Amino acid sequence: MTSNRSFPVAIILGAFIIAGALIARPAVGTKTTSIGQGDIGVVDVYSLVDILIMSEEASQQRTDFETQSNATMTEYEQRLIGIQTQMSTISQDDPNSGQLYAQYQQVTQQIQQATNQINESYQVLLANQIADAYKTIHAAVNEISDDQGYTFVLATRRGADLVQTSSLTGVTQEILARPLVTPPEAVDMTEAVRIHLGLPTLEEITAEAEAAQAAAEAAAAAQEQAEEQEAVEPTPATEITDE
């Protein structure tokens, strides 16, 4: 599982494969409005969800989850290692060998169950984060559309440059994320929504994540070099003096 901000957007995009997804302002009174009577705007909901998912708060939630999950798995693994150590010190004829083997199987099964539960819980956490992000964006879009006079707002990506092209699923998701092939740039509200929510750009988040990764790698390399140097340095001889 990954916990950094460069979370793969494939899962996020998969949650929004709704061609022609529509965010509409609530109707006022009994007035009926047709498409021809109102202004239409577009928002790249997908990129805004990406930004919120890679935010400090959401990333920290996933990191905390993984830290707790790793602690749980480490406890199981230590128990398993302890049983393996005991099994290696006794013969198969030992009366305790059967009991130890049963314990080994039990812990192995517990590890598998815990792994499945952690994976399911992680998916739930991610789904909740995406749902919360969408609600936040939806509310902001409605506020801005009220201010700027948009009657209909469509969720769509602009442009023909697909982000995911390494798999059929990724390409399909990218195409379905663009139900409007040629939306005018003038009606794109994405940047206005981002600013309204006080969010950084994807480029800023990516640059920050890459800088943090580079710093972590440099620190690890420095630590490894220091340990290697300490290992090769001769131990100072103890001076013996006559009393």
Approximate spin-label separation residue 131-residue 70, in nm, with each point projected 7 Å along Cα-to-Cβ:
2.8 nm
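From the square roots a ≥ b ≥ c of the eigenvalues of the alpha-carbon gyration tensor of segment 141-208, which class results: rounded (a/c under 1.5), prolate (a/b over b/c), or oblate? Before the final figure, lay out each step's value.
On the way: a/c = 2.67, a/b = 1.34, b/c = 1.99.
The shape class here is oblate.
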In nanometres, what is the gap between the two model label sites at residue 206 and residue 92, each 7 Å from Cα along Cα-to-Cβ?
5.8 nm
Is the C-alpha gyration tensor of segment 130-169 telling us rounded, prolate or oblate? Criteria: a/c under 1.5 is rounded; beyond that, a/b larger than b/c is prolate, otherwise oblate.
oblate
In whole Å, what is the distance between the alpha-carbon centres of segment 138-177 and segment 70-96?
53 Å
Points 7 angstrom from Cα along the Cβ direction at residue 57 and residue 85: gap in nanometres?
4.5 nm
Difference of contour (0.36 nm per residue) and Cα-Cα distance, residue 105 to residue 168
18.6 nm
Take the Cα radius of gyration of segment 85-163 and divide it by 2.2 N^0.38 Å, with N its residue count; two decimals is plenty.
2.38
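Readers should treat all values here as calculations from the given coordinates under stated rules, not as data from a laboratory. None of the values given here were measured: they were computed from a predicted structure. Every residue, glycine among them, receives a Cβ derived from its backbone with ideal geometry; neighbour counts consider all protein chains shown.
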